[in-house]
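Participant: Sharing a structure below in structure tokens format, with a few things to ask.
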Amino acid sequence: MFRKDLVKIKAYKPGRPIEEVKRALGLKEVYKLASNEVPFAPNYIKKAILKEVANVNRYPEGGCFYLRRALAKQLKVDRDQIVFGNGSDELIVLALEAFIQKGDEIVVAYPTFLIYELQGMVKGAKVRRLPLKDFRYDLDAMAKAITNKTKIVFIANPDNPGGTYLNKIEVEQFLKKIPKNVLVFLDEAYFEFAPSNFPKSLNLLKKRGNIIVTRTFSKAYGLAGLRIGYGVTTKKIADILNKIREPFNVDRIAQVAAIEALKNKDFLNKVLKFVKKEKQYLYNELKKLKFDFIESATNFVLINLKKDTASLNEYLLKEGVIIRELRGWGLNNFFRVTVGLHKENVKFIKCLKSYMCCQNMYGKITKNVKCKTKNHSAKLKITKVC
Ligand SMILES: Cc1ncc(COP(=O)(O)O)c(C=O)c1O
């Protein structure tokens, strides 16, 4: 009775939750470095959230009035240009819902954030995938791939899982090549981490129209568990997206927390400083181990293991460290690691060294690496002990 074309669409597999790994492996302590979350909670939101708990018997204000007012002021846009979503993921679904009819096309890079093409297929779109070049968007090829059936072109900037970004000039030149009737979806989930030559997308929206810029409270603001993101676009498009979203898609607690997040710049600054420092720690350690990795404009790093990551993933899970394998992206030899707390990053590096040692990759890496994890050879059921 259901649509048969849905059967062949693969479900999106998110990073494994801490609770699930604890249950499955009987571990007490698990470090999650898999879903690009901030590794500490914004405790300053507690008071506002507890106050809001008194109202949870009532539906939330669907239009997010107070949050909308605060965000519009901060971004210097009109209030009715904003659409809130249950995470910025929801904006992807809403845009597809609004623009795609069966047989229409979307243009995406590959590999990039998978939701564009998965949800595109769910809506019946034909997906045109343009391979990345050295983990950077090939904007020329993407512009050339546009046909009169193309409705949306998706750009993750900064990109996931690569962590690379497109600068102001690159995006401006790209926009000149895109027909005005194609929606340009600028997904800026990692906007806050990006460097200073990053595009001023909201100005581009003023000039061009037919752009939606999406951002999220899940990453630098540390609210991934509350599910709240937003899109800024033209009033006309916002009006359509607001029509088709569920009336109460953003709950009360998320709205209140997001208002506090906008007010409290200290937490955001702390996160940005922290990520910069710890990312540098990871870079330094990875360099010592002679790993190939991509310098990232985000809070995660893409690493090339140069062999299938399955056994590394298994090893790290047993040690209580969750990383992100990239099999779903076709990147079987790569994995992604989120910047965690210092102790989490140290443990990750320590386990990585032990793993390399166990795999007899030791000699190829550096003579100074010593395997310090007790009993790791037993855990891995391998005969070689280093
Ligand atoms: C590029 C990109 N876009 C969007 C999202 C979705 O974020 P959320 O739905 O939590 O706002 C993510 C999450 O990992 C992402 O990496």
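The values are calculated or read from the model by the stated rules, or taken from the named source; none is laboratory data. As the structure is a computational prediction, the values presented were derived from the model and not from experiment. For neighbour counting, all protein chains shown are included, and Cβ atoms are generated from backbone atoms with ideal geometry for every residue, glycine included.
Participant: What are the residues in segment 219-246 that are part of a loop (DSSP other than H, G, I, E, B) and either crowded, with 22+ Cβ neighbours inside 10 Å or not basic (Lys, Arg) (or both), if any?
Facilitator: Within segment 219-246, Lys219, Ala220, Tyr221, Gly222, Leu223, Ile228, Thr233, Thr234, Glu246 meet the criteria.
Participant: Regarding Val339, is this residue among the aliphatic types (A, V, I, L, M) and touching a helix residue (DSSP H, G or I) at 6+ places or on another chain (Cβ under 6 Å)?
Facilitator: Judged against the criteria, Val339 is a match.
Participant: Could you list, in sequence order, all residues of segment 247-267 that are more than 23 Å from the chain's Cα centre (by Cα) and either outside any helix (DSSP H, G or I) or of a type in the set (S, T, N, Q) (or both)?
Facilitator: Passing the criteria: Pro247, Phe248.
Participant: Given the conditions (1) part of a helix (DSSP H, G or I); (2) in contact with a Gly (Cβ under 9 Å, 6 or more places away or on another chain), which single one is not true for Leu316?
Facilitator: (2)
Participant: Which of the helices (runs of 4 or more DSSP H) contained wholly in segment 96-205 include at least 3 residues that are under 27 Å from Ala224 (Cβ atoms), more than 16 Å from the ligand (Cβ to nearest atom) and in contact (Cβ under 8 Å) with a residue 40 or more places away in the chain?
Facilitator: Of the helices (runs of 4 or more DSSP H) lying wholly inside segment 96-205, none has at least 3 residues that are under 27 Å from Ala224 (Cβ atoms), more than 16 Å from the ligand (Cβ to nearest atom) and in contact (Cβ under 8 Å) with a residue 40 or more places away in the chain.
Participant: Right, here's the next one. Out of contact with any Ser or Thr (no Cβ under 7 Å at 6 or more places or on another chain), in the same structural domain as Tyr221 (by TED's automatic domain parsing) and modelled with pLDDT of 95 or more: does that describe Val30?
Facilitator: no
Participant: What's the number of the only condition in (1) touching a residue at least 60 places away in the same chain (Cβ under 8 Å); (2) farther than 30 Å from Phe217 by Cβ that Val271 fails to meet?
Facilitator: (2)
Participant: Of Ile237, Ile294, Ile303, which residue is touching a strand residue (DSSP E or B) at 6+ places or on another chain (Cβ under 8 Å), in contact (Cβ under 8 Å) with a residue 24 or more places away in the chain, away from the ligand (no atom under 16 Å from the Cβ) and more than 23 Å from Gly87 (Cα to Cα)?
Facilitator: When all the criteria are applied, what remains is Ile303.
Participant: Take segment 325-339 and flag every residue that is of a type outside the set (Asp, Glu) and touching a Phe, Trp or Tyr at 6+ places or on another chain (Cβ under 6 Å).
Facilitator: Once the filter is applied, which keeps residues that are of a type outside the set (Asp, Glu) and touching a Phe, Trp or Tyr at 6+ places or on another chain (Cβ under 6 Å), segment 325-339 yields Leu326, Arg336, Thr338.
Participant: Checking Phe40 against (1) within 15 Å of the ligand (Cβ to nearest atom); (2) exposed (fewer than 15 other Cβ atoms within 10 Å of the Cβ), which single condition isn't satisfied?
Facilitator: (1)
Participant: Among the residues of segment 218-227, is any within 15 Å of the ligand (Cβ to nearest atom) and at positive phi?
Facilitator: Looking for residues that are within 15 Å of the ligand (Cβ to nearest atom) and at positive phi, one finds at least one in segment 218-227, hence yes.
Participant: Just need a number here: residues in segment 41-62 that are of a type outside the set (D, E, K, R) and without any contact (Cβ under 8 Å) to a residue 60 or more places away in the chain.
Facilitator: 4
Participant: Another one. Would a scan of segment 70-78 turn up a residue that is among the polar types (S, T, N, Q), at pLDDT 95 or above, surrounded by fewer than 18 Cβ atoms within 10 Å (Cβ to Cβ) and in the same structural domain as Arg215 (by TED's automatic domain parsing)?
Facilitator: Yes, some residue in segment 70-78 is among the polar types (S, T, N, Q), at pLDDT 95 or above, surrounded by fewer than 18 Cβ atoms within 10 Å (Cβ to Cβ) and in the same structural domain as Arg215 (by TED's automatic domain parsing).
Participant: If I ask for residues that are exposed (fewer than 11 other Cβ atoms within 10 Å of the Cβ) and in a helix (DSSP H, G or I), which ones from segment 1-22 would you list?
Facilitator: Matches in segment 1-22: Lys4, Leu6, Glu19.
Participant: Mind checking which residues of segment 206-217 are buried (at least 22 other Cβ atoms within 10 Å of the Cβ) and either in a helix (DSSP H, G or I) or within 11 Å of the ligand (Cβ to nearest atom) (or both)?
Facilitator: Result: Thr214, Arg215, Thr216, Phe217.
Participant: Which residues, counting only those in segment 82-95, are among the polar types (S, T, N, Q) and either away from the ligand (no atom under 14 Å from the Cβ) or over 7 Å from Tyr230 (Cα atoms) (or both)?
Facilitator: Within segment 82-95, just Asn86 meets the criteria.
Participant: Filtering segment 84-135 down to residues that are within 16 Å of the chain's Cα centre (by Cα) and of a type in the set (D, E, K, R), which residue is surrounded by the most Cβ atoms within 10 Å (Cβ to Cβ)?
Facilitator: The residue in question is Glu90.
Participant: Can you tell me which of (1) part of a loop (DSSP other than H, G, I, E, B); (2) under 26 Å from the mean Cα position of the chain (by Cα) is the one Ala70 doesn't meet?
Facilitator: Exception for Ala70: condition (1).
Participant: Something else now. Does Val182 fit the bill of being crowded, with 23+ Cβ neighbours inside 10 Å and either aliphatic (A, V, I, L, M) or farther than 23 Å from Leu67 by Cα (or both)?
Facilitator: No; evaluated as a whole, the condition is false for this residue.
Participant: Considering only residues that are within 25 Å of Asn269 (Cβ to Cβ), touching a helix residue (DSSP H, G or I) at 6+ places or on another chain (Cβ under 7 Å) and not in a loop (DSSP other than H, G, I, E, B), which ones fall in segment 23-51?
Facilitator: Tyr31, Lys32, Tyr44, Ile45, Ala48, Ile49
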